[in-house]
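Input: a single structure, listed below in structure tokens.
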Amino acid sequence: MKDVDLNLLPPLQALLELRNVSRAAERMHLSQPAMSAALSRLRRHFNDELLVRSGRSYELTPFARALVPRVDQALTDIQDALQLRAEFDPASSDRTFVLAASDYVTGILIRHLRALIGAEAPGVTVDFVPTSRARLKPGLETFASVDVVIGPMGFDLDGSSRQLFRDEFVIVMDSSNPLLASERLTVADIASAPHAVGEFGGSIVTPPMRFFEQMGQAPVVAARVAGLQGLPAIVERTDLVAAVPRMLATRPVQTLSITAVGFDPDLEVPLVEGMFWHPLKSTDPANLWLRSVIQRASTHLSGEGLAAHPVTIAAH
């Protein structure tokens, strides 16, 4: 295809139909020399004369006669393809989208997302799959089976992206944990306590782990669980502590016997979640709608928070 000028197809069709260079040029709004030049290029490409003089007119060669239906069909297909417009009507769609997200994001976002989808697209289904490293493939391969990925910004996730919302990590522990009796807690105090950590496909590289490393501390990992959702329940009635996003800790703190402790403002461990998609789907109407719904659902999270313990965690 790289060696073929597809602009020659319409002149070819005109020549095959009219069998006359002058009339073909008139139809195509070209000069006769321009149409003659096009015929010369076509002859070289096909290695066939295509049109041969017969008296005062031209006749098609056998090869040219065989080309007629194929050229007509090719141009019809091209015209049909160019007239298509990508459309997506959420109200009438029964499409199933696949959204990759952590259990944390799924837990805090799904009710807002479902409310919007139920109102705008009652026939649409969104399947959530976990964003473990076992599922997220290198490069853009992930998007072969996933429409949108929601994950932390700054962790080398591929694709086009847009920030969704911000959160911050707090430390949760049983409400009777001796650490809470201290008038002052430090990063070293928290790091030396036994930690329950969330794994993602075998990795525990999370913003809190990076934070402790930057502070020169190595947390004592005493328990590992898949994801973040189960961490608040894990620490209840144990000596464990766990770093979880503030919005994730809101409801468990209200129902479990656990307490959340925040960091000093200058030590806050931020979590910025974004959505990622294949660049080729940036203008796809269905993907655009899905991203719009996710973005709007995320705005409902801005007011969700947690009143943490009055003692905060200081650097020293």
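No lab work stands behind these numbers, since they all come straight from the coordinates. Just so it is clear, the structure is predicted and the values come from calculations on it, not from any experiment. Positions of Cβ are backbone-derived with ideal geometry, glycine not excepted, and every protein chain shown enters the neighbour counts.
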Under a Gaussian network model of the chain whose springs join Cα atoms within less than 10 Å, the largest fluctuation of I150, I171, I78 belongs to I78
Running a GNM on the chain with Cα contacts under 10 Å, which residue among P33, P194, P178 ends up with the highest mean-square fluctuation?
P33
Net charge, A181 excluded, C-beta distance under 15 Å - Lys, Arg +1, Asp, Glu -1
-3
Under the definition of Cα pairs under 8 Å and six or more residues apart, what whole-number percent is the relative contact order of the chain?
20 percent
Once you put a point 7 Å from the Cα of A314 and another 7 Å from the Cα of H300, both along the Cβ direction, what distance in nm separates them?
4.1 nm
Rounded to one decimal in nm, the spacing of the 7 Å Cα→Cβ label points at D3 and S36 is 2.7 nm
Contact order normalised by length for the range 204-270, with contacts defined as Cα pairs under 8 Å and 6 or more residues apart; what percent is it?
29 percent
Percent RCO, i.e. relative contact order, over the range 222-316, from Cα pairs under 8 Å lying at least 6 residues apart
34 percent
